[in-house]
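Engineer: The structure under discussion is supplied below as structure tokens; questions concerning it will follow.
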Amino acid sequence: MLFNHLTSGEGRTANSSSTTEATQPYADRGKQEAWIAAAQISVKKRLKDPSSAEFRNVHFYSGGKAAVACGEVNAKNSFGGYSGYERFVAAGSTNLVFLESDLGSKAEMTEVWKEMCIKAPTDQA
């Protein structure tokens, strides 16, 4: 599956003596919001017209195989018109971004969404 390289647990360990941070490295809302902001920048890099990006329903999820931001983005296409909202899954500030249009079908994106966009009890953003 496309997300096998996300399941390695990269980014999941914390270098903190705090038990909470070590066991729940994404519990801080500020870190979650920063993760979302970085993910949106990564999504914009994939678009034809990054400055036209409009995001909605974007949330932080760390209950799946890796911490990700999941949401929807709408942006202008090559013809200058908005193409409509499509779902995305992005792994923070990395360039690891999957847009619904990257995958073969909406069903495939739904499968990825079910595996990756899972809220942990500490996810607030």
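The values are calculated or read from the model by the stated rules, or taken from the named source; none is laboratory data. Just so we're clear, the structure is a prediction, and the values are computed from it rather than from any experiment. Here the Cβ positions follow ideal geometry from the backbone for every residue, glycine too, while neighbour counts run over all protein chains shown.
Engineer: Scan the range 64-82 and give yes if some residue there is at pLDDT below 95, on the phi > 0 side of the Ramachandran plot and out of contact with any Pro (no Cβ under 8 Å at 6 or more places or on another chain), otherwise no.
Structural biologist: Yes, the range 64-82 contains a residue that is at pLDDT below 95, on the phi > 0 side of the Ramachandran plot and out of contact with any Pro (no Cβ under 8 Å at 6 or more places or on another chain).
Engineer: Quick one: how many residues across the range 38-85 are more than 16 Å from Ser101 (Cα to Cα), of a type in the set (Lys, Arg) and part of a strand (DSSP E or B)?
Structural biologist: 1
Engineer: Return the pair list, or none, for Cβ contacts closer than 8 Å from residues in the range 17-45 that are more than 25 Å from Asn95 (Cβ to Cβ) and of a type in the set (A, V, I, L, M, F, W, C) to residues that are modelled with pLDDT under 80 and in a helix (DSSP H, G or I), at least 6 apart or on different chains.
Structural biologist: Note: pairs meeting the criteria are Ala27/Thr20; Ala27/Glu21.
Engineer: In a helix (DSSP H, G or I) and either under 17 Å from Val97 (Cα atoms) or at pLDDT below 55 (or both), is that true of Thr20?
Structural biologist: yes
Engineer: Considering only residues that are under 23 Å from Gln32 (Cβ atoms) and over 10 Å from the mean Cα position of the chain (by Cα), which ones fall in the range 75-93?
Structural biologist: Tyr85, Glu86, listed by residue number.
Engineer: Out of the range 105-120, which residues are in a loop (DSSP other than H, G, I, E, B), of a type outside the set (A, V, I, L, M) and touching a residue at least 40 places away in the same chain (Cβ under 8 Å)?
Structural biologist: Within the range 105-120, Cys117, Lys119 meet the criteria.
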